[in-house]
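Trainee: Quick one: this structure, given as structure tokens, is what I'll be asking you about.
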Amino acid sequence: MNDFPWLSVLIAVPAVGALLVALLPRGKDELAKRVALGLSSLVAVLAFVMAAGFETGGARHQFEETYDWIPAFGVHWALGVDGVALTLILMSVVLVPLVMLASWNDAERYGGVVAEGERAPARSVKGYFALILALEAMMVGVFAATDVFLFYVFFEAMLVPVYFLIGHYGGPQRSYAAVKFLLYSLLGGLLMLVAVIALYVQGPNTFLMSELGDLDLDPTVAKWLFLGFFVAFAIKAPMVPLHTWLPDAAGQAPAGALVLIVGVLDKVGTYGMMRFCLELFPEASKWATPVVVTFAVISVIYGAILAIGQVDLKRLVAYTSISHFGFIVLGIFAMTSQGQAGAALYMVNHGFATGALFLVVGFLIVRRGSARVDAFGGVQKVAPLLAGAFLISGLAGLSLPGLAPFVSEFLVIIGTFARYEAAAVFAALGIVLAAIYILWMYQRTMNGPTAEAVAGFKDLSRRELVVIAPILAVIVALGFFPKPALDVIDPSVQQTLSRVQMSDPTTTVAEKGARP
Amino acid sequence: MKAEGIQAAAWLLIALPLAGAAILLLGGRRTDRWGHLLGTAMSLGAFVVGLAMFVQMLGYGDEERRRTVHLYEWFTVGDFTLNMDLLVDPLSISFVLLITGVGSLIHIYSIGYMAHDADRRRFFAYLNLFVAAMLLLVLADNYVGLFIGWEGVGLASYLLIGFWQFKPSAATAAKKAFVVNRVGDLGLVIGIALMFATFGTVEFGEILGTGAHHVGAVQQISEGTATAIGLLLLLGACGKSAQLPLQSWLLDAMEGPTPVSALIHAATMVTAGVYLIVRSGPIYEMAPDAQLAVTIVGAATLLAGAIIGTAKDDIKKALAGSTMSQIGYMVLAAGLGPAGYVFAIAHLIAHGFFKAGLFLGAGSVMHGMNDDVNMRHYGGLSSVMKITWATFGLGYLAIIGFPLLSGFFTKEGIIAAAFDSGGTSGTILGGCALLGAAITAYYMSRVMFMTFHGQRRWEEDVHPHESPAVMTVPLILLAVGSVGAGAFLVLGPFGHFLEPVVGGEEHEFHWISAPGVAAFVLMLAGAAIAWLQYGARPVPRQAPRGSFVTVAARKDLYGDAINESLLMRPGQWLTRLAVFFDNKGVDGIVNGLAALIGGTSGRVRRLQTGFVRSYALSMFFGAAVVVAALLAVNA
């Protein structure tokens, strides 16, 4: 079974599907939606069949495929997944069909947000679904690539569908937001490109991760290359102060697309830090750690404070994510088992939790035609299921124990504390701020007397229930039983740590015990 | 030792109410008709299981009563394995019986109290959720499991305070409770992180030891580390148990339906802080400074809560001030170490009976008074609500420490233990506890007189009546507990029962002692002053202006004002500044730079979007060309 090119198929199916959907004749919108949903569901099923064959504790990268692509420059079509990549791919392929189903009726209309005096022009429906399929192909590719150049190609190519999803299907200021997103990403991409090329020139003339293992780089060069990669990833993740594209993109993009942009794409940044920054440049990573940890803590607190001050639901959730990305980066650079496993799990949990939040926010926007917090009030009374879904998603966002994000946040905090006490203590302030931004948002939109404009709200439709219920179920399941995910993640983390030559700090008691 | 028999099924305790909550929440309106019955049955079922486990435990020798139940492995990361294990020992079983026993009575009472609420099913779902989370809190065998229950009860508390969420005051109170509790939780989280860094584990057995023959790893750490852990846990306890300086949420929490105030905000959840401190006893015994801090917090809160209680006209808020104060007693006792643990837990259980009874009695009064909570509108209710009056009266006598009733034994024990702890601190702590006893007698007598005695001050359209049997029967049962629990716990074998967990100090009760006599005299004095002010004289329907102490007490001793000026306003200011900075500063610089690179003088925002778009796309394709070119050159 393992000779089957699983990963190539997982990329090819949505890629071909995107073309197919795009080439459908006009007026076949319903068919386009069905084809897209069908194909993305197929991808999800295939991915889980593949995952069933993953051997925990087996070879580091599994389902490997390596074909020469540009032999002259040592570029390979090389794919393979370790535990971290596998869980991220599974999260992505689960989210895609749900996102499609969520935007079934409103893809073409800004996701429902209408500016004063502007009529929402209808956009191509099949275009929206084709773009999401194309994006899915690249998301699988970017997490599965084990060739640095191939990774870079997917990394950059992802920009195109996202650019059009924001710039074509977004709100009134979509162009500004899309261009800003593109400029930021291109800047990061160019820096990374320079680093990728320099890596080739300086290194053993290959791009295969497996052969780049024991790079013997000049320390100064390594530091510069590290920075090239790191800045690109920090823009994508995004970290303060490179974050300002995200709130604008979030404010304009349709809620469905945001699930993929914030829930999945931004993870490429943190995933890249773990996979490429740490493993290619271990010494440089350690050299940069104090600064990175500092900025991570700033992101946690700054993002949370900004989230409290937002008046737009989508921007609010975007800022909460900046805070959460701070936790992820913190866990990665704490370089302890608990910190990194927590960070890797955090990427997955955050995809589901923030995905759920964006989806429910999307449901609200479609009903109200506005994303402003003060446009709502007292929704709980008229739409209790909708409010309940919003509450559970929100509680996941504030890492309530019993829900999945708690496990990862807890691991990051204890893993960081073991090495950087002060950073962990400051970051832990984020748990208080999270309670404020989530519950205040919930109170203003869901509680109190029912606002007039809200009184006619219908509760969740069957389609909306089908979208949100599985995500909430996953959040609860991983909250009470995170072992399956962590069993897959932990061996990969141990590999990364041994690559960086870091081991967990010994406990005070163990140290004493060692003495006679 | 592994649990056997019914104890091995300890998970049922949590599973039953959790299943109840899940069925009622997921089942929706279909379960409206019988939802309250299912919820009550689940709670009673847990009580029966708890009782069976208790009986089984009595059959074991002292050293065999600590049993663990392995449920499943939560996860393993690196060398750190975290198990979902439960611990059945005398301390946790005491809490189990309190939570499920009093909890079931309150479920039954709520059937009547919430009968006319359209959302009664949801109410019972949340009550069940609370019971499940609270049982996890006291049964968990490690600090992380405890923390899951800890925040779980916080969630239930949030949902139930805000049960009538369409009232803005209820929604705000719910949010406040959660946020203030999270400040405390911060302490608990960092405390757990410190324990992990210190011990490499978070399990009770490993850290604290499992009894006289097995000392825990805590014995190997420095006093400084133990103090740090102790203070962090204390911060967590302050949040959950509404102790200074995190007390401010409890009075607002009275926005919730009265059975919630009785169950969560009096009898059980708010005592979780005391549980945490007593459970972590071996840590505190390594850290005298942390113990001192615990006693100071307890003494300060017992006085502050009592003073707040003297000035409230809202019957629930007067009782809430009293709860703060009584938990202050428990915290004080818990800070005294093994000498105080048994009295802390005994008072906690006795308080669970009489305070739940008092709150439910208040609810019964409100039920008859069209939900009016202002005691200035009550008066003379003893003649129309005889059962409520009698049961409330017994709870009243119990809390003020009337001889032979519950509070007499448990509170006296705490006062004596405080004096016995010796030195100046012992005298001060004992003095505070004595003074608190006097004030308790005063404010509780005030409540009693204003509500049940004196002239009738009812509104014209109010026709007070006794509550139905489904409400009065729980009142009667709780009154029995209010009368007998103290004597049973302090004179009976309870001290010996807890000994394997909390240490083997002698807990002899002195019938006649100097502090005891003083407490009795002060109690009579407090009640007499209340009689002169509220019993012998007519009570005005409008509150008089009052002295500066009264004004301060009405405003919760300015707790909210302090929080507002120190935290909330600067916080709002900081938020606004940060938003402005992010929009103008960070984003402005970035936009400016982008414009500069673009070679244009205007800001990107104003550019023709078509131009920018083509510019960006050309940049993208340019990048692709550069790649190709570089590769070609290199080859």
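The values are calculated or read from the model by the stated rules, or taken from the named source; none is laboratory data. Note that the structure is predicted; figures quoted are calculated from it, not measured. Note that each Cβ is placed from the backbone with ideal geometry, even for glycine, and that neighbours are counted across all protein chains shown. The area values use the complete protein model at the heavy-atom level, side chains included, leaving out ligands, DNA and RNA. Shrake-Rupley method; radii C 1.70, N 1.55, O 1.52, S 1.80 Å.
Trainee: Assess whether B:L87 counts as being outside any helix (DSSP H, G or I), under 21 Å from B:V502 (Cβ atoms) and either open to solvent by less than 10 Å² (accessible area, probe 1.4 Å) or out of contact with any strand residue (DSSP E or B) (no Cβ under 9 Å at 6 or more places or on another chain) (or both).
Mentor: yes
Trainee: Taking the criterion of being open to solvent by 10 Å² or more (accessible area, probe 1.4 Å), of a type outside the set (A, V, I, L, M) and in contact (Cβ under 8 Å) with a residue 40 or more places away in the chain, would at least one residue in the stretch B:6-20 satisfy it? Please lay out each step first, then the result.
Mentor: The first filter runs over the stretch B:6-20 and keeps only residues open to solvent by 10 Å² or more (accessible area, probe 1.4 Å), leaving B:6, B:8-9, B:11-12, B:14-16, B:18-19.
The next check asks that each one be of a type outside the set (A, V, I, L, M); those that pass are B:11.
After this cut, where a residue has to be in contact (Cβ under 8 Å) with a residue 40 or more places away in the chain as well, the list is B:11.
Yes: one or more hits.
Trainee: Mind counting the residues in the stretch A:445-474 that are within 14 Å of another protein chain (Cβ to nearest Cβ), surrounded by 19 or more Cβ atoms within 10 Å (Cβ to Cβ) and part of a helix (DSSP H, G or I)?
Mentor: Going through the stretch A:445-474 one residue at a time, the tally reaches 5.
Trainee: Also: Which of the numbered conditions does A:Q340 fail, given that it passes all the others? Conditions: (1) open to solvent by less than 10 Å² (accessible area, probe 1.4 Å); (2) modelled with pLDDT under 90; (3) within 13 Å of another protein chain (Cβ to nearest Cβ).
Mentor: Going through the list (1) open to solvent by less than 10 Å² (accessible area, probe 1.4 Å); (2) modelled with pLDDT under 90; (3) within 13 Å of another protein chain (Cβ to nearest Cβ), A:Q340 breaks only (2).
Trainee: Quick test of your reading of the structure: A:L88 fulfils all but one of (1) under 26 Å from A:L190 (Cα atoms); (2) modelled with pLDDT under 85. Name the failing condition by number.
Mentor: Checking A:L88 against (1) under 26 Å from A:L190 (Cα atoms); (2) modelled with pLDDT under 85, the one that fails is (2).
Trainee: Quick one: which helices (runs of 4 or more DSSP H) sit completely within the stretch B:217-265 and have at least 2 residues that are surrounded by fewer than 22 Cβ atoms within 10 Å (Cβ to Cβ)? Write out each step before concluding.
Mentor: Working: elements: B:223-240, B:248-252, B:258-262.
Filter on the stretch B:217-265 gives B:223-240.
Matching residues to (1) open to solvent by 10 Å² or more (accessible area, probe 1.4 Å); (2) β-branched (V, I, T):
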residue	(1), (2)
A:A32	no, no
A:L39	yes, no
A:A44	yes, no
A:V49	yes, yes
A:G57	yes, no
A:H61	yes, no
A:E64	yes, no
A:G80	no, no
A:T87	yes, yes
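Trainee: Looking at A:A434, A:A423, which is the one that is closer than 24 Å to A:T87 by Cβ and either part of a helix (DSSP H, G or I) or of a type outside the set (S, T, N, Q) (or both)?
Mentor: Being closer than 24 Å to A:T87 by Cβ and either part of a helix (DSSP H, G or I) or of a type outside the set (S, T, N, Q) (or both) holds for just one of A:A434, A:A423, which is A:A434.
Trainee: Those residues that are closer than 30 Å to B:E206 by Cα and modelled with pLDDT under 90, I need them from the stretch B:1-56; list them, please.
Mentor: Result: B:M1, B:K2, B:A3, B:E4, B:G5, B:I6, B:Q7, B:A8, B:A9.
Trainee: For A:M347, which of the numbered conditions (1) within 15 Å of the chain's Cα centre (by Cα); (2) within 13 Å of chain B (Cβ to nearest Cβ) fails to hold?
Mentor: Of (1) within 15 Å of the chain's Cα centre (by Cα); (2) within 13 Å of chain B (Cβ to nearest Cβ), only one is false for A:M347: (2).
Trainee: Sticking with this one: Does B:I99 qualify as being open to solvent by less than 40 Å² (accessible area, probe 1.4 Å) and either in a helix (DSSP H, G or I) or in contact with a helix residue (DSSP H, G or I) (Cβ under 6 Å, 6 or more places away or on another chain) (or both)? It would help to see each step written out before you state the result.
Mentor: On the way: open to solvent by less than 40 Å² (accessible area, probe 1.4 Å): yes; either in a helix (DSSP H, G or I) or in contact with a helix residue (DSSP H, G or I) (Cβ under 6 Å, 6 or more places away or on another chain) (or both): yes.
Spelling it out, B:I99 is indeed open to solvent by less than 40 Å² (accessible area, probe 1.4 Å) and either in a helix (DSSP H, G or I) or in contact with a helix residue (DSSP H, G or I) (Cβ under 6 Å, 6 or more places away or on another chain) (or both).
Trainee: Moving on to the next point. Out of (1) modelled with pLDDT under 85; (2) under 16 Å from A:A318 (Cβ atoms); (3) open to solvent by less than 40 Å² (accessible area, probe 1.4 Å), what's the single condition that is false for A:L165?
Mentor: A:L165 satisfies every listed condition except (1).
Trainee: With respect to A:P401, is the statement that it is within 11 Å of chain B (Cβ to nearest Cβ), in contact (Cβ under 8 Å) with a residue 40 or more places away in the chain and surrounded by fewer than 24 Cβ atoms within 10 Å (Cβ to Cβ) true?
Mentor: Here the answer is no, as A:P401 does not meet what is asked.
Let's see how each residue does on (1) more than 15 Å from B:H36 (Cα to Cα); (2) under 24 Å from the mean Cα position of the chain (by Cα); (3) away from chain A (no Cβ under 14 Å):
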residue: B:R65; (1), (2), (3): yes, no, yes
residue: B:Y72; (1), (2), (3): yes, no, no
residue: B:N83; (1), (2), (3): yes, no, no
residue: B:D89; (1), (2), (3): yes, yes, yes
residue: B:I108; (1), (2), (3): no, yes, yes
residue: B:D141; (1), (2), (3): yes, yes, yes
residue: B:E151; (1), (2), (3): yes, yes, no
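Trainee: Let me ask something else about it. Of the residues A:V360, A:V425, A:V382, only one is closer than 22 Å to A:A453 by Cβ and within 11 Å of another protein chain (Cβ to nearest Cβ); which?
Mentor: On the way: A:V360 fails: within 11 Å of another protein chain (Cβ to nearest Cβ); A:V425 fails: closer than 22 Å to A:A453 by Cβ.
Of A:V360, A:V425, A:V382, the one residue that is closer than 22 Å to A:A453 by Cβ and within 11 Å of another protein chain (Cβ to nearest Cβ) is A:V382.
Trainee: Give the residue that is farthest from B:F408 (Cα to Cα), with candidates limited to residues of the stretch B:513-554 that are small (G, A, S) and exposed (fewer than 12 other Cβ atoms within 10 Å of the Cβ).
Mentor: Top of the filtered list is B:S547.
Trainee: Now a separate question. For the stretch B:406-525, which helices (runs of 4 or more DSSP H) that fit wholly inside it have 2 or more residues that are in contact (Cβ under 8 Å) with a residue 24 or more places away in the chain and of a type in the set (S, T, Y)? Explain how you work it out, then say what you get.
Mentor: On the way: elements: B:406-420, B:423-452, B:469-491, B:494-502.
Helices (runs of 4 or more DSSP H) meeting the threshold: B:406-420, B:423-452, B:469-491.
Trainee: Return the only residue of A:F48, A:F63, A:F54, A:F4 being assigned to a strand (DSSP E or B) and out of contact with any Ser or Thr (no Cβ under 9 Å at 6 or more places or on another chain).
Mentor: Testing whether each residue is assigned to a strand (DSSP E or B) and out of contact with any Ser or Thr (no Cβ under 9 Å at 6 or more places or on another chain) leaves just A:F63.
Trainee: Hey, can you tell me all the residues within the stretch B:284-303 that are open to solvent by 20 Å² or more (accessible area, probe 1.4 Å) and part of a helix (DSSP H, G or I)?
Mentor: B:E285, B:P288, B:D289, B:Q291, B:L292, B:A293, B:I296, B:V297, B:A300, B:L303 - these are the residues of the stretch B:284-303 that are open to solvent by 20 Å² or more (accessible area, probe 1.4 Å) and part of a helix (DSSP H, G or I).
Trainee: Follow-up question, since we're still on this one. Restricting to the stretch A:309-328, name every residue that is in a helix (DSSP H, G or I) and not aliphatic (A, V, I, L, M).
Mentor: Of everything in the stretch A:309-328, those that are in a helix (DSSP H, G or I) and not aliphatic (A, V, I, L, M) turn out to be A:K314, A:R315, A:Y319, A:T320, A:S321, A:S323, A:H324, A:F325, A:G326, A:F327.
Trainee: Between a residue in the stretch A:32-59 that is farther than 16 Å from A:A85 by Cβ and any residue that is part of a helix (DSSP H, G or I) and among the aromatic types (F, W, Y), which pairs come within a Cβ distance under 7 Å, given they are 6 or more apart or on different chains?
Mentor: What qualifies is A:A32/A:F129; A:K33/A:F129; A:A36/A:F129.
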